[in-house]
1. Residues being of a type outside the set (A, V, I, L, M) and either surrounded by 10 or more Cβ atoms within 10 Å (Cβ to Cβ) or in contact with a strand residue (DSSP E or B) (Cβ under 9 Å, 6 or more places away or on another chain) (or both): count how many of those fall in the range 66-75.
2. Output the number of residues of the range 1-16 satisfying the condition of being of a type in the set (D, E, K, R) and closer than 20 Å to G60 by Cβ.
3. In the range 24-44, how many residues are farther than 26 Å from V11 by Cβ, charged (D, E, K, R) and surrounded by 10 or more Cβ atoms within 10 Å (Cβ to Cβ)?
4. Please identify the pairs in which a residue from the range 46-72 that is without any contact (Cβ under 8 Å) to a residue 12 or more places away in the chain and under 14 Å from V16 (Cβ atoms) has its Cβ atom under 7 Å from the Cβ atom of a residue that is surrounded by 10 or more Cβ atoms within 10 Å (Cβ to Cβ) and not charged (D, E, K, R), counting only partners at least 6 apart or on another chain.
5. Cβ-Cβ under 9 Å, sequence separation 6+ or interchain: first residue in the range 1-24 and more than 9 Å from V53 (Cβ to Cβ), partner surrounded by fewer than 11 Cβ atoms within 10 Å (Cβ to Cβ) and modelled with pLDDT of 90 or more. Which pairs?
Amino acid sequence: MIAVEKVRNDVMGLSVSERASLAHELILSLDDPADLDLSPAQESEIQRRLKMVREGTATGRAKAEVFADIRSSYS
């Protein structure tokens, strides 16, 4: 098994909140932080949400509901 497949299999064994936290960190690693221009309020909100994910208190919505909201805002 190649390294990426092993890592993928290992990651899928993590809890939802652990996978979300890892996904967040991986996505951030794709960008140069110097390119980000966040206000203190935006950074604070990101940190608040990340804390919720890490603590396992974050809640989500069904993707169908999210996409319906997006579609309705553009129609």
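The values are calculated or read from the model by the stated rules, or taken from the named source; none is laboratory data. Bear in mind the structure is a predicted one, so any value in this text is a computation, not a measurement. Every residue, glycine among them, receives a Cβ derived from its backbone with ideal geometry; neighbour counts consider all protein chains shown.
1. In the first step, residues of the range 66-75 are kept if they are of a type outside the set (A, V, I, L, M); the result is 67, 69, 71-75.
In the following step, the residues that additionally are either surrounded by 10 or more Cβ atoms within 10 Å (Cβ to Cβ) or in contact with a strand residue (DSSP E or B) (Cβ under 9 Å, 6 or more places away or on another chain) (or both) were identified as 67, 69.
Residues in the range 66-75 being of a type outside the set (A, V, I, L, M) and either surrounded by 10 or more Cβ atoms within 10 Å (Cβ to Cβ) or in contact with a strand residue (DSSP E or B) (Cβ under 9 Å, 6 or more places away or on another chain) (or both): 2 in total.
2. Looking only at the range 1-16, we keep the residues that are of a type in the set (D, E, K, R), and these are 5-6, 8, 10.
Applying the additional criterion that residues be closer than 20 Å to G60 by Cβ yields none.
Within the range 1-16, residues that are of a type in the set (D, E, K, R) and closer than 20 Å to G60 by Cβ number 0.
3. Total meeting the criteria: 1.
4. M52/A58
5. Partner pairs satisfying both residue conditions: M1/N9; R19/M12.
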